There are 4 protein chains.
Amino acid sequence: MADDQDVSVQPARQRDAQQAMLERTHDPARVLALSDGVFAIIITLLVLEVHVPELTQGQTLNEALAEVRPSLTAFVISFVLAGMHWVAHRDLFALIRRADRGLVWLNILYLLPLCLLPFGAGLIGSYEDEPVALRIYGLLLVLIAAMRVVIWRYATNRPHLLWHPLDHRQRRAGMALSLFPGLVYLLAFLVARAAPGVSLAIYAAMPLLYFLSITVLRHGRQRVQEYADFT
Amino acid sequence: MADDQDVSVQPARQRDAQQAMLERTHDPARVLALSDGVFAIIITLLVLEVHVPELTQGQTLNEALAEVRPSLTAFVISFVLAGMHWVAHRDLFALIRRADRGLVWLNILYLLPLCLLPFGAGLIGSYEDEPVALRIYGLLLVLIAAMRVVIWRYATNRPHLLWHPLDHRQRRAGMALSLFPGLVYLLAFLVARAAPGVSLAIYAAMPLLYFLSITVLRHGRQRVQEYADFT
Amino acid sequence: MADDQDVSVQPARQRDAQQAMLERTHDPARVLALSDGVFAIIITLLVLEVHVPELTQGQTLNEALAEVRPSLTAFVISFVLAGMHWVAHRDLFALIRRADRGLVWLNILYLLPLCLLPFGAGLIGSYEDEPVALRIYGLLLVLIAAMRVVIWRYATNRPHLLWHPLDHRQRRAGMALSLFPGLVYLLAFLVARAAPGVSLAIYAAMPLLYFLSITVLRHGRQRVQEYADFT
Amino acid sequence: MADDQDVSVQPARQRDAQQAMLERTHDPARVLALSDGVFAIIITLLVLEVHVPELTQGQTLNEALAEVRPSLTAFVISFVLAGMHWVAHRDLFALIRRADRGLVWLNILYLLPLCLLPFGAGLIGSYEDEPVALRIYGLLLVLIAAMRVVIWRYATNRPHLLWHPLDHRQRRAGMALSLFPGLVYLLAFLVARAAPGVSLAIYAAMPLLYFLSITVLRHGRQRVQEYADFT
């Protein structure tokens, strides 16, 4: 075949072609396109759980907003949590140069609990005092956080997938930042039965906690280097 | 470690790698992908509030359209307002070369009230004469406009985030164009209780007003330079 | 000001920077990102109008499909029509190098009736024999086609927006292909009252007609040159 | 005309311009943008079929989850199947350099049954024991798989569309991997009437089967070369 002849005549060119092919099949561009699409849809689908209330004539703005307050609270919390996870996803993939088979599939499994977030938001929007609703919501968040830890470990253990290898301290820093939300969600899950209000408050406070912890770590004396790359 | 050795042997190369890393972690590409995704979904989700009416046999086109007119009006107004904000978002980010932590988070907070727009459109589609519906709608628009002002200030105050620094007059021009819709929405919010019809008319006229004001400013004698970059 | 000094010291560099700025503000990338997002959402939102039927035990596949047939027909027709318009949008923007203010806004106005397509599909899915439903659907399609004609004229009349200027025959060919669907939709709109079935058949046949007409024009003896660029 | 003069004066430049035009009109970028958008929306729209259950006070987590179990099962199966098809779509288009007219249209027809997947998921979520629901779901999956086979054949038969031509064994390997899911779906379709449970189990097991078969083929002794490019 013509193709086989090329191999013997132009081995260098063939190697270049194989290298180019390898780069194309491992290009993470579409992984990011799919993920950004999913994040964009998740945060906008959340609004479908905020239903237009039955307004009565002469109702004040406060009364009208009071009717939709629980689902509005669920919307805002879920929106900011999804935003936080998008920021972390963007931070991670800024390190990644090539997406291999494992990373592609792990990313799909990461998107799975994320896609259930509007369902979870609908649950706590309808039943914000019910422990079971808060526990299902917490379960989803724990799964998202767990998949994030798995992806971080997978990618940073494989230097050929990265733009430049991370040293031990950088990897530990990223792992700590990935584990941290998961543990907080787990806490909110565990206290949901005894104190539903505390559970909801933890979900609401999580993004702020995360933001502050990065800020402190970035500007702390010794560890500024490792945390400087996280948004 | 191998990585530490590299530092001492090839300081220049290390610096280049750090610079490349900095550019990658500050690349605004995914911020734009998320934002364009959200805008695309917002303007298409709006149609879900236009419900298929119950048609009766022999009904004329006008009668059928009359049934869905309020929600169709809410759709068109919200569509064009969202389009106007997308155009402004595109104008702003054409100036931006790097997205730092603050900009990434401010952009997420900008998308928050934007994602509630279909809810607001559903409200005025169902209750177009109710002051409270028009006020909630106005509140969302004021929040969107306020976040736009905050982002404009944040980005243009940080020349290292821009392709080229703006001078004082350009920054003032962009600020004026960002403040202008916010003030008009505030007016519509304030008159909603006394004159709901006027409030709705202001929302409908806003995009035209905005378009005309840029046109006038671009072609006015002295200020053509500063407004030439706005779409 | 520092910036003003730069102008006098380095006029050439300043000119380059202005040229680069011009290219960035006229980059059509985000116009395409928004449009592709809208098209992707439109064709997937259409499925929301196909409702899960009430199945009874022992029902055959044919009986079950018969229940959803009208909305499935509306789905398939609308899907293929939207696909056809996406193909035409892609053909047009392959010619376009820069998006100016007019083109950005005309594209938004083109997306407006397109976003109402799921509403139109819901209408003919529920009332496929009702002339008024078929007329509203036709009206939407006529508006989409009309905006396409306007955009074609606008862009091809401005050579500085194009990668390379079109000659008279190419412009006429593109205009004919843009006008053609509009006229067919208008016909379907006009016959909807007298013959609803014919109207629906025209909508269904349109994509095939369009596809065939390009095929014939491309492979016809004399006009192959002008139509070769259309998908 | 000025344009015609250019042709005679600068034939080489004209040829370059024509080549550049050809590359632009055949750029697959927007085909991928539309497809990624559709995949992202499909997997997130699936969640709309998981309805918020009516929780009763003091209900356990297990009881609450039991209520939504059928639609949750349908969600997870459909999500992973859609993910699998996205991975295969990405593998295929990593080979493709240019999208011609046929490929653009075949890809749209591939997206058609894919967009109906949320409807199919809704069906088996509501009627997981009904043979007819399982058969409609199977029909959709067979259509998706069939279109995938058609696209694989179309693209790999046209070397000018590819980055580098595939040899006979690579083409056969890709064809086998495309045919394989189709045949399994057909089996699930055929046994749905006699054994609904088996049918559902086959849908659930398909992604794992696919993943394992690629793994085995990649690491098998002789065929490692051909299957190495599939994710």
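Quick notes
- Qualifying positions in region D:60-76 - within 16 Å of D:Leu114 (Cα to Cα) and at the interface with chain A (Cβ under 9 Å from one of its Cβ atoms): D:Phe75, D:Val76
- Scope region C:34-63; condition in contact (Cβ under 8 Å) with a residue 60 or more places away in the chain and within 20 Å of B:Val50 (Cβ to Cβ); matching residues: C:Val38, C:Phe39, C:Ile42, C:Leu45, C:Leu46, C:Leu48, C:Glu49, C:Val50
- Residue under evaluation C:Pro113, criteria (1) surrounded by fewer than 24 Cβ atoms within 10 Å (Cβ to Cβ); (2) within 23 Å of C:Thr44 (Cβ to Cβ); (3) facing another protein chain (nearest Cβ under 8 Å); (4) of a type outside the set (A, V, I, L, M), criterion not met: (3)
- Residue list for region B:33-59, filter: at the interface with chain C (Cβ under 7 Å from one of its Cβ atoms) and of a type in the set (Val, Ile, Thr): B:Ile41, B:Ile43, B:Thr44, B:Val47, B:Val50, B:Val52
For (1) within 14 Å of chain B (Cβ to nearest Cβ); (2) touching a residue at least 12 places away in the same chain (Cβ under 8 Å); (3) aliphatic (A, V, I, L, M); (4) not in a strand (DSSP E or B), each residue gets a yes or a no:
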site	(1), (2), (3), (4)
C:Asp129	yes, yes, no, yes
C:Tyr137	yes, yes, no, yes
C:Val142	yes, yes, yes, yes
C:Val150	no, yes, yes, yes
C:Pro181	no, yes, no, yes
C:Phe189	yes, yes, no, yes
C:Leu209	no, yes, yes, yes
C:Ile214	no, yes, yes, yes
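- Matching residues, region C:77-110, being under 23 Å from D:Leu22 (Cβ atoms), basic (Lys, Arg) and facing another protein chain (nearest Cβ under 9 Å): C:Arg90
- If you go through region B:116-126 and keep only what is more than 16 Å from B:Thr44 (Cβ to Cβ), buried (at least 24 other Cβ atoms within 10 Å of the Cβ) and within 8 Å of chain A (Cβ to nearest Cβ), you end up with just B:Leu123.
- Selection status of D:Leu166, within 14 Å of chain C (Cβ to nearest Cβ) and surrounded by 16 or more Cβ atoms within 10 Å (Cβ to Cβ): no
- Subset of region A:181-205 [β-branched (Val, Ile, Thr) and under 22 Å from A:Phe79 (Cβ atoms)]: A:Val184, A:Val198, A:Ile202
- Scanning region A:49-56 finds one or more residues that are in contact with a Phe, Trp or Tyr (Cβ under 6 Å, 6 or more places away or on another chain) and under 19 Å from B:Val132 (Cβ atoms).
- Hits in region A:169-179 - residues which are within 14 Å of chain B (Cβ to nearest Cβ) and either under 22 Å from A:Ile108 (Cβ atoms) or not in a helix (DSSP H, G or I) (or both): A:Gly174
- Residue satisfying condition, being part of a helix (DSSP H, G or I) and surrounded by fewer than 22 Cβ atoms within 10 Å (Cβ to Cβ), within set C:Asp91, C:Asp36, C:Asp27: C:Asp91
- Among residues that are in a helix (DSSP H, G or I), surrounded by 14 or more Cβ atoms within 10 Å (Cβ to Cβ) and charged (D, E, K, R), C:Arg218 is included.
- C:Ala155 within 19 Å of the chain's Cα centre (by Cα) and assigned to a helix (DSSP H, G or I): yes
- Matching residues in region C:52-79 - criterion: being within 18 Å of C:Leu123 (Cβ to Cβ) and not small (Gly, Ala, Ser): C:Val68, C:Arg69, C:Pro70, C:Leu72, C:Thr73, C:Phe75, C:Val76, C:Ile77, C:Phe79
Bear in mind that the values in this text are calculations on the coordinates, not laboratory data. Because the structure is predicted, anything quoted here is derived from the model rather than measured. When we count neighbours, we look across all protein chains shown, and the Cβ atoms used for this are built from the backbone with ideal geometry, even at glycine.
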